[in-house]
Amino acid sequence: MQTWSSIAVPSLSGKPSPLRLHDTATGQVRPTAPGATATMYVCGITPYDATHLGHAATYLAFDLVHRLWLDAGHDVHYVQNVTDIDDPLLERAERDQDDWVVLGMRETALFREDMTALRVLPPREFVGAVESIPEIVEVIGKLLASGAAYRADDPRYPDVYFDHTATGRFGYESNYDLPTMTTLFAERGGDPDRPGKRHPLDALLWRAARPGEPSWESELGAGRPGWHIECSAIAANRLGMGFDVQGGGSDLAFPHHEYSAAHAEALAGSHPFARHYVHAGMIGLDGEKMSKSRGNLVFVSRLRADGVDPAAIRLALFDGHYRTDRAWTGDLLDRAKARLARWREAAALDSGPDAAATVGRLREHLADDLDTPKALVAVDAWAQDALTRRGGDTAAPGTVRDAVDALLGVAL
């Protein structure tokens with residue numbers, strides 16, 4: 001699957017602070033400490049209703065991780081998937097009397113356009129689930145052979161399920177107790193009451209073909225993959241075990257990331273799947289989580305069509321910390337527009353106050369678990385100083401422009 005076009009990222013002088021991120025598995029903010037090549041997998045969209053601001057907030061957060069690693073001198077191997085075969089996509093296509101393949105392609109193209117407009121650096125590999133079915137089938141076959149997976153006791157539809165106890169570590173990533181996991185599994189795409197399973201928490205790996213559903217012939221029989229195994233196979237096959245960051249929205253901590261990790265660890269016989277599990281908060285509108293099921297989505301493409309500068313969308317979403325659940329409001333966007341205008345006015349000056357300390361604070365705050373609110377305030381302070389007291393450093397405006405571009409992804 002084709003990714004979107006990259007953009008040039010300015011190189012900055014000076015030494016950045018090492019990036020520290022909150023890890024859901026340990027509950028601690030820890031150094032990422034990548035090697036020469038930093039590795040990251042972020043779960044991508046199911047291509048319908050793209051790209052809403054909840055999507056945007058997540059991918060902007062991990063865009064900062066990408067940028068900070070580049071600033072630190074790392075090569076970055078970033079992989080993102082597209083869940084282009086899944087029940088919600090099929091349900092939407094049926095509701096709208098659309099072809100599910102056409103719907104997925106159309107929404108994926110729109111997602112690429114939105115990411116380009118938002119100046120999100122592209123992943124090195126942008127991988128669809130459908131194109132990955134052969135490798136997913138191979139992984140499922142190995143899990144069956146090892147005893148970590150089994151066929152449901154159902155002669156008509158012998159689906160393949162993962163034994164959630166296979167690693168002995170199930171639950172370590174999300175840290176949820178059994179009742180919470182059982183509830184969330186049912187709410188978030190699981191099938192705890194499916195007859196023929198050994199345990200309610202065993203997750204679907206391969207869904208045997210049903211009438212009227214898309215399916216693929218394979219050594220497992222005709223069918224299609226379950227959700228969690230898609231990301232597990234795509235990530236492990238491209239990044240190996242123990243890659244640096246597994247990312248996504250906080251609603252993916254369980255079940256999606258828990259099962260993705262368990263699948264890969266059961267197959268590899270090693271731990272962990274990822275060294276950091278990093279989760280972005282939810283975006284709300286009018287006091288409710290923004291979600292497809294509620295129908296209260298605000299779309300990046302609609303804002304762009306209304307003439308909103310994508311840089312203002314970035315700044316509005318950076319106004320709150322990435323891990324917090326927060327609200328999208330008109331006032332938030334207006335503040336971001338005003339902030340962007342001030343920054344651009346200051347950056348256009350012929351000279352300004354020395355910018356070295358500002359760049360240092362910007363780096364320091366972002367390295368501290370992506371503390372964008374403090375990072376924005378640091379740039380605010382320089383802009384205010386430049387606009388009121390000016391300053392005689394002719395290099396300062398360009399230095400700030402480059403730093404804001406390189407680290408925050410905002411073009412001034």
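Looking only at residues that are assigned to a strand (DSSP E or B) and not charged (D, E, K, R) in region 269-283, which one is surrounded by the fewest Cβ atoms within 10 Å (Cβ to Cβ)?
H279
Restricting attention to region 168-182, report how many residues are touching a residue at least 12 places away in the same chain (Cβ under 8 Å) and small (G, A, S).
Qualifying residue count, region 168-182: 2.
Which of the following residues is surrounded by fewer than 19 Cβ atoms within 10 Å (Cβ to Cβ) and either part of a helix (DSSP H, G or I) or outside the structural domain of I136 (by the TED database) (or both): L89, L110?
Values: L89 fails: surrounded by fewer than 19 Cβ atoms within 10 Å (Cβ to Cβ).
Testing whether each residue is surrounded by fewer than 19 Cβ atoms within 10 Å (Cβ to Cβ) and either part of a helix (DSSP H, G or I) or outside the structural domain of I136 (by the TED database) (or both) leaves just L110.
With the requirement that a residue be in contact (Cβ under 8 Å) with a residue 60 or more places away in the chain and in a strand (DSSP E or B), what does region 150-163 give you?
Within region 150-163, V160, F162 qualify.
How about region 94-107: which of its residues are part of a helix (DSSP H, G or I) and of a type outside the set (A, V, I, L, M, F, W, C)?
E94, R95, G104, R106, E107
Go through region 29-48 residue by residue and tally those that are of a type in the set (D, E, K, R) and in contact with a Leu (Cβ under 6 Å, 6 or more places away or on another chain). It would help to see each step written out before you state the result.
Step one: filter region 29-48 for residues of a type in the set (D, E, K, R), giving 30.
Subsequent filtering for residues that are in contact with a Leu (Cβ under 6 Å, 6 or more places away or on another chain) retains none.
So the answer is 0.
Restricting attention to region 47-75, and to residues there that are surrounded by fewer than 24 Cβ atoms within 10 Å (Cβ to Cβ) and either free of Cβ contacts under 8 Å to residues at least 40 places away in the same chain or under 21 Å from A264 (Cβ atoms) (or both), which single residue is farthest from the chain's Cα centre (by Cα)?
This residue is G73.
For a quick check of your reading: which strands (runs of 3 or more DSSP E) sit entirely within region 184-268 and have at least 3 residues that are closer than 20 Å to L143 by Cα and in the same structural domain as E91 (by the TED database)?
203-208, 223-225
Looking at (1) at pLDDT 95 or above; (2) within 30 Å of D177 (Cα to Cα); (3) not in a strand (DSSP E or B), can you tell me which one R30 breaks?
Among (1) at pLDDT 95 or above; (2) within 30 Å of D177 (Cα to Cα); (3) not in a strand (DSSP E or B), R30 violates only (3).
In the set A375, A355, which member is among the small types (G, A, S) and over 24 Å from the mean Cα position of the chain (by Cα)? Show your work before the answer.
Numbers: A375 fails: over 24 Å from the mean Cα position of the chain (by Cα).
Criteria check complete, one pass: A355.
Just to be sure I understand, how many residues within region 1-32 are touching a residue at least 60 places away in the same chain (Cβ under 8 Å) and over 20 Å from R238 (Cβ atoms)?
Of all residues in region 1-32, those touching a residue at least 60 places away in the same chain (Cβ under 8 Å) come to 1-7, 9-12, 14, 16-25, 27, 29-30, 32.
Now narrow it down to the ones that are over 20 Å from R238 (Cβ atoms): 5, 7, 9-12, 14, 16-25, 27, 29-30.
Going through region 1-32 one residue at a time, the tally reaches 20.
What number of residues within region 113-135 satisfy the criterion of being more than 25 Å from L412 (Cα to Cα), within 17 Å of the chain's Cα centre (by Cα) and not in a loop (DSSP other than H, G, I, E, B)?
4
The values are calculated or read from the model by the stated rules, or taken from the named source; none is laboratory data. Only a predicted model underlies this, so the values are computations on that prediction, with no experimental measurement involved. As a convention, Cβ positions derive from the backbone with ideal geometry for all residues, glycine included, and neighbour counts pool all protein chains shown.
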